[in-house]
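Inspection log for the structure reproduced underneath, given as structure tokens.
The values are calculated or read from the model by the stated rules, or taken from the named source; none is laboratory data. None of the values given here were measured: they were computed from a predicted structure. Backbone-built Cβ (ideal geometry, glycine too); neighbour counts: all protein chains shown. What goes into the accessible areas is simple: the full protein's heavy atoms, side chains included, and nothing from ligands, DNA or RNA. Shrake-Rupley method; radii C 1.70, N 1.55, O 1.52, S 1.80 Å.
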There are 4 protein chains.
Amino acid sequence: MCRWVAYAGPDLHPSTLILDTPHSLVAQSLHSPLGKETVNGDGFGIGWYPADAAPGRAPTLFRSIEPAWYDENLQELAHAIESPLFFAHVRAASGPPIQQTNCHPFRHQNWMFMHNGVLRQFGVMKRDILLEIEPALFSSIRGTTDSEALFYLAVTFGLAADPIGAMGRAIREVERIGDALSVPHPVQGTFAVTDGSTIWAFRYSSEHRSRTLFYSEDMGALQETYPDIDRLRQYGAGARVIVSEPLSDLPGAFVEVPESTVAVLEDGSYRQEAFLRDA
Amino acid sequence: MCRWVAYAGPDLHPSTLILDTPHSLVAQSLHSPLGKETVNGDGFGIGWYPADAAPGRAPTLFRSIEPAWYDENLQELAHAIESPLFFAHVRAASGPPIQQTNCHPFRHQNWMFMHNGVLRQFGVMKRDILLEIEPALFSSIRGTTDSEALFYLAVTFGLAADPIGAMGRAIREVERIGDALSVPHPVQGTFAVTDGSTIWAFRYSSEHRSRTLFYSEDMGALQETYPDIDRLRQYGAGARVIVSEPLSDLPGAFVEVPESTVAVLEDGSYRQEAFLRDA
Amino acid sequence: MCRWVAYAGPDLHPSTLILDTPHSLVAQSLHSPLGKETVNGDGFGIGWYPADAAPGRAPTLFRSIEPAWYDENLQELAHAIESPLFFAHVRAASGPPIQQTNCHPFRHQNWMFMHNGVLRQFGVMKRDILLEIEPALFSSIRGTTDSEALFYLAVTFGLAADPIGAMGRAIREVERIGDALSVPHPVQGTFAVTDGSTIWAFRYSSEHRSRTLFYSEDMGALQETYPDIDRLRQYGAGARVIVSEPLSDLPGAFVEVPESTVAVLEDGSYRQEAFLRDA
Amino acid sequence: MCRWVAYAGPDLHPSTLILDTPHSLVAQSLHSPLGKETVNGDGFGIGWYPADAAPGRAPTLFRSIEPAWYDENLQELAHAIESPLFFAHVRAASGPPIQQTNCHPFRHQNWMFMHNGVLRQFGVMKRDILLEIEPALFSSIRGTTDSEALFYLAVTFGLAADPIGAMGRAIREVERIGDALSVPHPVQGTFAVTDGSTIWAFRYSSEHRSRTLFYSEDMGALQETYPDIDRLRQYGAGARVIVSEPLSDLPGAFVEVPESTVAVLEDGSYRQEAFLRDA
């Protein structure tokens, strides 16, 4: 129900991806060609790690309920910031109120999380989901979304030690709760999570027809293929994004991540593996 | 660049028109089939006269920069208010900042004004336009839009005594200023103005290709034509709207106002006359 | 940590109490002489029942995170509304985020609730409190405050059938939870609740040193005592308020409600009785 | 009617001054000991130049109408930013609407400006002041405050070439306009202006009783005087502020700037000279 961008690579101004590409994230906030909703105007957020940050440093968040397309502070900051790893998200609310604490990304210590999609009938499942969250984490939940609840469920299930396993267990737990309450296809979406150095992005839904997810091809190869496209030269070697939908129409620039897959950006390289395909 | 509704008739909850019709104004804020921009999410406003108000009473305004589709207060108020004459507007900003003082409708004493369209290259013309406004009115201008400037120009030119004439003189003055500054086709739009008992709605542009404008047919006739449509029964005799675009797809319910025309709602009846066709 | 006003009587513009008295609620938002915090700028809310409403009708809410002193819509609406029973509240947040869903009053069906004070160490007690709320009500909780949680606890414990008993049981339950978690003096505050015809206002804290609470004297007697004060004449017979602190310095106009007491406004008359004094 | 801080020196997190000192700017937004108004809750702004910026680079602005004390984004950014020169401002509005475009600091190319005080009866003088602004600058004015108008008047009068002279001429022009319109003591305040490398701060009012202004003593000397105060060690050599009122109660740390004086921070050193004392 939302659109998002996750970037890792050499220090980059977020404006490059969220303002200055043909289908930038802010452009998608007004009109998203592949989105379930074409308008993603229910607030936005950006979270970034500073250049040269020590491992384990918490990211900075800037979130607002204003539509991304007219928020002047976003324009200012996206040009001023430089970061080697950032998340940006525009929201199309599926129910929970439009308020800053419900804007993605969510943060826990040095971790960030964002989501496009929905836990279906969240009002029905919410109490049972919250009960599964580690009680010591309970007061860290500041908003009221399905997404943040899933994030803390994953933290509960060991996100820090085993991100892929913990996300899998959290999703399975929601599916178990949903099944018990007769909620059809409880989980839908794409999910991005990071510890500040690696990005894990999941494409998964209970019905195996998930929201779209793409990664960008190797930047060096792209620059060779398109030597005349000046825009590409602002990206350094190893720059990569994972996104809800392509940021441009450049053939070959964006590759779809398959259904039930986790995509991993680490040390400038991309890999993917099957995720929850055993169901 | 916006969408609007002007209602006159028996006391009505604004929710009937701005929330509960198939193409309600709030629905148009997310998706406007006939709008130049399909999203009108840059704030909204509603202004209404109370039931049984004495003539000359100023209207009440509720305006916000939040998109109309998610503003919870708008949902509350649109159901709580009852009014015999109200304006409602959703904005797609053409340049001036998105702030409450730039949300339509604008108010001066017992008068209200709203606009869909643009004074082209307003930054170029603004100083000269402001200079033509009566100096005593200058400090009444609270926002920074082209629309409010045109409103105060019309007030300067005698809106209270002769609304149609004053609007004509104000538009001609902007065209004169624009021509002197080489601004092509300076005026574009539809304009609604009211003193609390009569509504005047203008469709005019310098290039004679104005934004759309419609009025609703006689409600009694519509109710006879569509005896099975329950929704129509909530309107009393004499209920009329003038709108940027039809609020439903009901054949015959909405009639287009011609180019260069002023539409008038008064005492429950509709009439129209040529406006600035001599150019 | 907040200030509030509850009014019952003949139809009244809320502006009379929240804008136009010497120590109006909006004046208290900037400077509250008796408040624990002198500034109550963390949002506000007003909830009102329409004139001539059928019993059981839900109130209308207008809530905003803007400071009450500069919200232009509040100025507009407080003059436009007329109501025989309304609540108004200005917030000084004690921890939970400043967002519209955390602004008082809260509403459930035809009931409204507001609170000045705090459930201490709410982060510690929150999970246990939420678990005591009727699961079917769980998804009705839209915000994240201690106040709203207490409200739904009271709804769970039978607010509709026995308001005084249910409030007592809810407070005792929070005290029980707090004691188990070693939270000293878990409950502090004044609480107002209404079904649209009767107002119950509670002054209670676990340590028996509660925030201040006052009721206004009989209006007819006040008007006789002060025949020269024009301002008093705008109130009809039977107009009464219960307030966090006096709205004026008029001697005799406001009378303090004792500690551990529930004040009741019903059918134009005031009464009070002991509340939770057995502990 | 506001409070502000201007910093120049080694790169510093703004949080050091606006959040972490005993009388930080954000603390002053809730309670300002020396302010004409004790609450400065009508929005805020911060503008900063990046570390290692090329001369002539425009600063970044972050401005919001939320009270500074609860804006979560301000907390985030003030810790994330590092800058060798920044302005920060909390507003207590004197009339013009509370909206982002009216929040200080204001920016023109590489220049920033902020103001504590008022142009008296601005509504009366506004038209005449605007007429004196260079027409080519007219459309750069985005808000509606007296402060921004004075800034563009100074730009008109040669701010870039001669900041002290231009500010003097702009103030004299407002006094001339005010005198002609029988406005008593038209100008009041303290004014800070910078090009990104030098800060000029003016204390001046037509009645020669201006709002307070202070500069901080040499940091090396302070650190020697107070070797046990850890807080001082986070400031590098040459760190200096000019402020509306002291950020701490440390004796000797802050020195008052005299009436009718311009204070100058340049290359790590402070100097002051008489300003408009010939009147």
- line: Taking segment C:191-233 and keeping only residues that are among the small types (G, A, S) and either open to solvent by 50 Å² or more (accessible area, probe 1.4 Å) or on the phi < 0 side of the Ramachandran plot (or both), one is left with C:A192, C:S197, C:A201, C:S205, C:S206, C:S210, C:S216, C:G220, C:A221
field: Output for segment D:1-15, where each listed residue is surrounded by fewer than 19 Cβ atoms within 10 Å (Cβ to Cβ) and touching a helix residue (DSSP H, G or I) at 6+ places or on another chain (Cβ under 7 Å)
entry: D:H13
query: Would a scan of segment A:109-130 turn up a residue that is within 18 Å of the chain's Cα centre (by Cα), surrounded by 18 or more Cβ atoms within 10 Å (Cβ to Cβ), more than 21 Å from A:P186 (Cβ to Cβ) and of a type in the set (S, T, N, Q)?
result: yes
- prompt: If you check B:I65, B:I81, which single one turns out to be in contact (Cβ under 8 Å) with a residue 12 or more places away in the chain and under 12 Å from B:P14 (Cβ atoms)?
  reply: B:I81
query: Which one of these does B:G35 not meet: (1) away from chain D (no Cβ under 14 Å); (2) open to solvent by 10 Å² or more (accessible area, probe 1.4 Å); (3) out of contact with any Asp or Glu (no Cβ under 8 Å at 6 or more places or on another chain)?
result: (3)
task: Would you point out which residue out of C:G165, C:G196 is away from chain A (no Cβ under 14 Å), assigned to a helix (DSSP H, G or I), under 21 Å from C:L265 (Cα atoms) and modelled with pLDDT of 95 or more?
output: C:G165
query: Condition test on A:I46, is it in contact with a helix residue (DSSP H, G or I) (Cβ under 9 Å, 6 or more places away or on another chain), part of a strand (DSSP E or B) and not polar (S, T, N, Q)?
result: yes
query: Of these, A:A93, A:A88, A:A78, A:A53, which one is open to solvent by less than 40 Å² (accessible area, probe 1.4 Å) and under 19 Å from D:R63 (Cα atoms)?
result: A:A78
- prompt: If you check C:A58, C:A68, which single one turns out to be assigned to a loop (DSSP other than H, G, I, E, B), touching a strand residue (DSSP E or B) at 6+ places or on another chain (Cβ under 9 Å), within 12 Å of chain B (Cβ to nearest Cβ) and among the hydrophobic types (A, V, I, L, M, F, W, C)?
  reply: C:A58
query: Taking interchain pairs and intrachain pairs at least six residues apart, which have beta carbon atoms under 8 angstrom, with the first residue in segment D:147-158 and of a type in the set (G, A, S) and the second part of a helix (DSSP H, G or I) and crowded, with 24+ Cβ neighbours inside 10 Å?
result: D:A154/D:M167; D:A154/D:A170
message: Give all pairs with beta carbons closer than 7 Å in which a residue from segment C:200-225 that is part of a helix (DSSP H, G or I) meets a residue that is aliphatic (A, V, I, L, M); count only pairs at least 6 apart in sequence or on separate chains.
response: C:M219/C:A237; C:M219/C:A239; C:G220/C:A237; C:L222/C:L232; C:L222/C:A253; C:Q223/C:L232
task: Tell me which of these C:V174 doesn't satisfy, since it passes every other one: (1) surrounded by fewer than 20 Cβ atoms within 10 Å (Cβ to Cβ); (2) in a helix (DSSP H, G or I).
output: (1)
- prompt: If you go through segment A:177-190, how many residues are within 14 Å of chain C (Cβ to nearest Cβ) and open to solvent by less than 20 Å² (accessible area, probe 1.4 Å)?
  reply: 2
field: Positions within segment D:40-55 being more than 8 Å from every other protein chain (Cβ to nearest Cβ) and not aromatic (F, W, Y), in sequence order
entry: D:N40, D:G43, D:G45, D:I46, D:G47, D:A51, D:D52, D:A53, D:A54, D:P55
- prompt: What are the residues in segment D:131-171 that are open to solvent by 30 Å² or more (accessible area, probe 1.4 Å) and either under 27 Å from B:Q100 (Cα atoms) or among the small types (G, A, S) (or both), if any?
  reply: D:L131, D:P135, D:A136, D:S139, D:S140, D:R142, D:A160, D:A161
- line: Checked against (1) among the hydrophobic types (A, V, I, L, M, F, W, C); (2) closer than 24 Å to D:D278 by Cα; (3) open to solvent by 20 Å² or more (accessible area, probe 1.4 Å), D:V257 satisfies every condition except (3)
